[in-house]
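Following: one structure in structure tokens, then a few remarks.
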Amino acid sequence: MLIPEASNSAIKVDTTFSYILGIEVILLMLVTSTMIFFVIKYNRKKKETPENIEGSMFLEIIWTAIPTLLVIGMFYLGWRSFDIIRFVPKEVMTIKVTGRQWSWLFSYENGKQSDTLNVPLGKPVKMLLTSADVLHSFYIPAFRIKEDCVPGLETYLWFTAEELGTYDIFCTEYCGLGHSGMVSKVIVMPEKEFDAWYSAAPAAAKVSGLKILEEKGCLGCHTTDGTKKIGPTFKGLYESRVTVVTNGMERVITADEGYLKRMILKPGVDIVKGYPNIMPPIPVTPEELNAIVEYIKTLK
Ligand SMILES: [Cu+2]
């Protein structure tokens with residue numbers, strides 16, 4: 001397999017997929033080769049006239065029974081792999097997943113939050129999925145699981161990670177300009193390592209600007225290294241001269257502390273020239289706001 005089978009459901013899903021694909025390939029070859037054979041055999045130049053077959057109990061039974069068995073097989077395998085994905089065991093760790101334009105937020109039972117999904121090896125994990133804005137879809141290819149994130153609704157998924165490693169998380173529902181950048185990672189760790197990570201003091205205890213930018217999903221659109229993304233970079237932003245559009249009028253202002261705070265709380269007021277007006281207001285506490293601004297100040 002090109003993508004590792006790193007969860008309990010992966011092999012079941014792959015078996016179903018291979019079975020259906022295998023039958024399709026065999027049928028395609030049968031139909032195509034029969035067609036080519038007839039085209040040659042009954043070519044008009046050969047003047048051969050085809051004969052009608054009138055009633056054959058044997059053929060009727062064969063072409064009813066074989067497809068029926070194949071389709072029952074598809075149903076059985078499909079139902080078994082669906083069942084394992086939908087039936088959540090009783091003893092699970094629950095992680096809340098929030099999709100938003102354009103990042104993922106993972107909230108754990110003890111209040112810890114992160115922008116990457118950290119899970120222990122061999123333990124069932126249940127994910128409660130929702131969206132803060134538009135439709136997203138949470139997808140871990142290596143685990144063969146995918147579920148929509150719908151605003152105002154809670155959907156779920158569960159899995160047991162069976163291989164250590166780091167795997168991709170994608171959004172598979174087109175959700176706007178930054179959709180392709182809505183990626184994250186799931187990190188599967190040995191249980192002890194996970195416990196250490198899990199019980200380490202939550203990030204909120206020491207307010208770090210960078211951590212907040214990560215958690216609030218800001219880095220989905222902005223960078224700290226000078227690269228342009230959907231929004232302007234934070235590097236060198238503080239005290240620089242910025243051309244903004246305010247009420248349709250262009251003006252040049254200095255990106256001081258007040259400007260930075262305004263941009264986080266009311267992003268639609270002064271839109272940086274050349275960028276789309278798509279940033280939502282970011283809910284932050286006054287401490288978080290200060291921490292972010294202090295951090296941006298350091299990005300010279
Ligand atoms: Cu999305």
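The values are calculated or read from the model by the stated rules, or taken from the named source; none is laboratory data. This is a predicted model, so every value here is computed, not measured. Cβ sites come from the backbone with ideal geometry, for glycine too, and all protein chains shown count toward neighbours.
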Inside the range 126-181, can you point out the residues that are among the aliphatic types (A, V, I, L, M) and crowded, with 18+ Cβ neighbours inside 10 Å? 127, 129, 140, 142, 145, 157, 161, 169
Hey, can you tell me all the residues within the range 58-83 that are within 22 Å of residue 145 (Cα to Cα) and without any contact (Cβ under 8 Å) to a residue 40 or more places away in the chain? 75, 76, 79, 82, 83
Residue set 129, 157; condition within 16 Å of the ligand (Cβ to nearest atom), more than 12 Å from the chain's Cα centre (by Cα) and assigned to a strand (DSSP E or B); output residue 157
Is it true that some residue in the range 136-143 is away from the ligand (no atom under 16 Å from the Cβ), more than 15 Å from the chain's Cα centre (by Cα) and not polar (S, T, N, Q)? no
How many residues, within the range 205-249, are closer than 20 Å to residue 262 by Cβ and among the basic types (Lys, Arg)? 3
Considering each of 214, 163, 147 in turn, give the residue that is among the charged types (D, E, K, R), not in a strand (DSSP E or B) and not assigned by TED's automatic domain parsing to the domain that holds residue 258. 163
Do we have any residue at all in the range 235-254 that's surrounded by 15 or more Cβ atoms within 10 Å (Cβ to Cβ) and within 30 Å of residue 96 (Cα to Cα)? no
Within the range 248-300, which residues are of a type in the set (Ser, Thr, Tyr) and not in a helix (DSSP H, G or I)? 254, 275, 285
Among (1) in contact with a strand residue (DSSP E or B) (Cβ under 9 Å, 6 or more places away or on another chain); (2) outside any strand (DSSP E or B), which single condition is residue 111 missing? (1)
Which residue pairs have Cβ atoms closer than 7 Å, lie 6 or more positions apart in sequence or on different chains, and pair a first residue in the range 157-181 that is closer than 13 Å to residue 120 by Cα and of a type in the set (Gly, Ala, Ser) with a second residue that is more than 9 Å from the ligand (Cβ to nearest atom) and part of a strand (DSSP E or B)? 161/7; 161/119; 161/188; 165/188
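Residue-wise test of (1) of a type in the set (D, E, K, R); (2) within 25 Å of residue 145 (Cα to Cα); (3) modelled with pLDDT under 90; (4) in contact with a Ser or Thr (Cβ under 9 Å, 6 or more places away or on another chain).
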| site | (1), (2), (3), (4) |
| --- | --- |
| 3 | no, yes, yes, no |
| 9 | no, yes, yes, yes |
| 19 | no, yes, no, no |
| 24 | yes, yes, no, no |
| 27 | no, no, no, no |
| 30 | no, no, no, no |
| 33 | no, no, no, no |
| 36 | no, no, no, no |
| 39 | no, no, no, no |
Filter result (within 11 Å of the ligand (Cβ to nearest atom) and assigned to a strand (DSSP E or B)) within the range 99-108: 99, 100, 103, 104
Out of the residues in the range 109-122 that are surrounded by fewer than 16 Cβ atoms within 10 Å (Cβ to Cβ) and touching a residue at least 24 places away in the same chain (Cβ under 8 Å), state the one that is farthest from the ligand (Cβ to nearest atom). 122
Any residue at all in the range 219-230 that's closer than 23 Å to residue 102 by Cβ, under 26 Å from the mean Cα position of the chain (by Cα) and in a helix (DSSP H, G or I)? yes
